[in-house]
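The values are calculated or read from the model by the stated rules, or taken from the named source; none is laboratory data. All values reported here derive from a predicted model rather than from experimental measurement. Cβ placement follows ideal geometry from the backbone for every residue including glycine, while neighbour counts extend to all protein chains displayed. When the accessible area is computed, the model is the full protein with side chains, heavy atoms only, and any ligands, DNA or RNA have been set aside. Shrake-Rupley method; radii C 1.70, N 1.55, O 1.52, S 1.80 Å.
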Amino acid sequence: MIEKLGMALMRRMDAEVAHGLALKALHSGLAPLPGVKSTPRLRTRIAGLDLPNPVGLAAGFDKNAKALAPLARAGFGFIEVGAATPRPQAGNAKPRLFRLTEDRAAINRFGFNNDGMEAIGARLAARSHNAVVGLNLGANKDSDDRADDFARVLTHCGPHVEFATVNVSSPNTENLRDLQGKAALSALLAGVMEAREALPSPIPVFLKIAPDLTLHEIDDICDVALNSGISGIIATNTTKERAGLQSMHKNEMGGLSGAPLFEMSTRVLAQVADRCGTSLPIIGVGGVSTGAEAYAKIRAGASAVQLYTSLVYGGLSLAGQIIDDLDQRLANDGFASVANAVGTGKSDWL
């Protein structure tokens, strides 16, 4: 009840201000924190990571790793913070986050606003290791060598997280998506993997890709990924597409997330799974707001999923509801584990 009242009030505020208040509510104990949810069916192993359940929190919710303690008790199987860049940066001008309520979506053009790797790394180093936490790696907007930025952040923060994500798919940093091209991506990942191998304990590294990719581009990315030594792919980031939107904010610049992204992102997920087979596990992101949608992404080829925008409309308690529903769906279909269900519905999306 408190959560519903709080959300009703926050929906009347500027979206970015409301998000800041949501993080404060986590610290104050006003948000529901049921603890980690798990069953034998939900326990998942992906890229060497043992997860209590396959439902994670996507990057962007806790950009600066300030709410790790309460988020570790919110039910998620894993948490991704960031994106972090070598130097702090303010990001793009405000307003830069817009709710599309009619579409159950959001558009953001944050531009990697964050406190920088030193501040974020210090918070990660000080955390209690009671949750699987990863860091989304980013590049400074004015960097002379964006590819090197990813390696620098990994070198600095890698010892304090369980996994890292190379984010070359944000549409809000000019020309960043150019790094998804075959030659540029190969060079970038080579530098990141060199940094990974130099860590005291090498960690899994994922590559986060855009949904706005042609089949040829997906082929190139999969080819590079399979030959780079990375641990998996996160599909997908936000989209530039605007088809079918109803909200007054539909033409705002930035990346679209939420319900309208579900089909596009799941199709890309299945296409990646079809090309990479079982060699590279996939984390499915984009439009997950129900247990049915989480289950659909798993059956399309994902070993785990992530949420973010749906929490804007369903509250933090939505995570627990999705996890419980997913567990029931696995049981109803006779799957003893998440792994048994991965890819069983892939053909529906190809």
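Per the listing GLY254, GLY277, GLY244, the residue uniquely surrounded by fewer than 17 Cβ atoms within 10 Å (Cβ to Cβ), over 28 Å from LEU42 (Cβ atoms) and not polar (S, T, N, Q) is GLY244.
Any idea how many residues of region 91-114 are of a type in the set (Asp, Glu) and either under 15 Å from PHE61 (Cβ atoms) or in contact with a helix residue (DSSP H, G or I) (Cβ under 6 Å, 6 or more places away or on another chain) (or both)? Number of matching residues: 1.
Here's the yes/no breakdown for (1) more than 18 Å from ALA65 (Cβ to Cβ); (2) among the charged types (D, E, K, R):
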position	(1), (2)
ASP144	yes, yes
PHE150	no, no
VAL153	no, no
ALA164	no, no
LEU179	yes, no
ALA187	yes, no
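For region 218-231, the candidate set comprises residues that are open to solvent by 40 Å² or more (accessible area, probe 1.4 Å) and over 21 Å from the mean Cα position of the chain (by Cα); within that set, the residue that is nearest to GLY158 (Cα to Cα) is ASN227. Within the set ASP103, ASP149, the sole residue that is farther than 24 Å from VAL55 by Cα and in contact (Cβ under 8 Å) with a residue 24 or more places away in the chain turns out to be ASP149. When the residues of region 323-350 are filtered to those that are more than 19 Å from THR266 (Cβ to Cβ) and not in a helix (DSSP H, G or I), which remaining residue is least open to solvent (accessible area, probe 1.4 Å)? Result: SER337.
I'd like to know if region 70-82 contains one or more residues that are at pLDDT 95 or above and surrounded by fewer than 19 Cβ atoms within 10 Å (Cβ to Cβ). Within region 70-82 (the criterion being at pLDDT 95 or above and surrounded by fewer than 19 Cβ atoms within 10 Å (Cβ to Cβ)), the answer is no, since none of the residues qualifies. Of THR85, THR44, all but one fail to be more than 16 Å from the chain's Cα centre (by Cα), β-branched (Val, Ile, Thr) and under 25 Å from ALA339 (Cβ atoms); the exception is THR44.
Confirm whether THR155 is of a type in the set (Ser, Thr, Tyr) and crowded, with 20+ Cβ neighbours inside 10 Å. It is false that THR155 is of a type in the set (Ser, Thr, Tyr) and crowded, with 20+ Cβ neighbours inside 10 Å. List, please: which pairs have Cβ atoms under 7 Å, are six or more places apart or on different chains, and start with a residue in region 199-219 that is touching a residue at least 24 places away in the same chain (Cβ under 8 Å) and end with one that is hydroxyl-bearing (Ser, Thr, Tyr) and in a helix (DSSP H, G or I)? Taking only residues 6 or more apart or on different chains, the pairs are PRO211/SER265. Do we find that ARG12 is charged (D, E, K, R) and either modelled with pLDDT of 95 or more or open to solvent by less than 10 Å² (accessible area, probe 1.4 Å) (or both) in this structure? No; evaluated as a whole, the condition is false for this residue.
Looking across region 162-200, the residues that are at pLDDT 95 or above and either more than 20 Å from ALA125 (Cα to Cα) or surrounded by 24 or more Cβ atoms within 10 Å (Cβ to Cβ) (or both) come down to ALA164, THR165, VAL166, LEU189, ALA190, GLY191, VAL192, MET193, GLU194. Selection of region 298-350 for residues being of a type in the set (A, V, I, L, M, F, W, C) and out of contact with any Gly (no Cβ under 9 Å at 6 or more places or on another chain) yields LEU311, LEU318, LEU330, ALA331, PHE335, ALA336, VAL338, ALA339, ALA341, LEU350. Residues being open to solvent by 60 Å² or more (accessible area, probe 1.4 Å) and modelled with pLDDT of 95 or more are entirely absent from region 127-140. Filtering THR155, THR165 for residues that are closer than 29 Å to MET253 by Cβ and among the hydroxyl-bearing types (Ser, Thr, Tyr) leaves a single hit, THR165.
Would you confirm, using the coordinates I've provided, whether PRO260 is crowded, with 20+ Cβ neighbours inside 10 Å, in contact with an Asp or Glu (Cβ under 7 Å, 6 or more places away or on another chain), of a type outside the set (Asp, Glu) and at pLDDT 95 or above? Criteria met by PRO260. Whether a residue is in contact (Cβ under 8 Å) with a residue 60 or more places away in the chain, assigned to a loop (DSSP other than H, G, I, E, B) and open to solvent by less than 10 Å² (accessible area, probe 1.4 Å) was assessed, and ASN53 passes this test.
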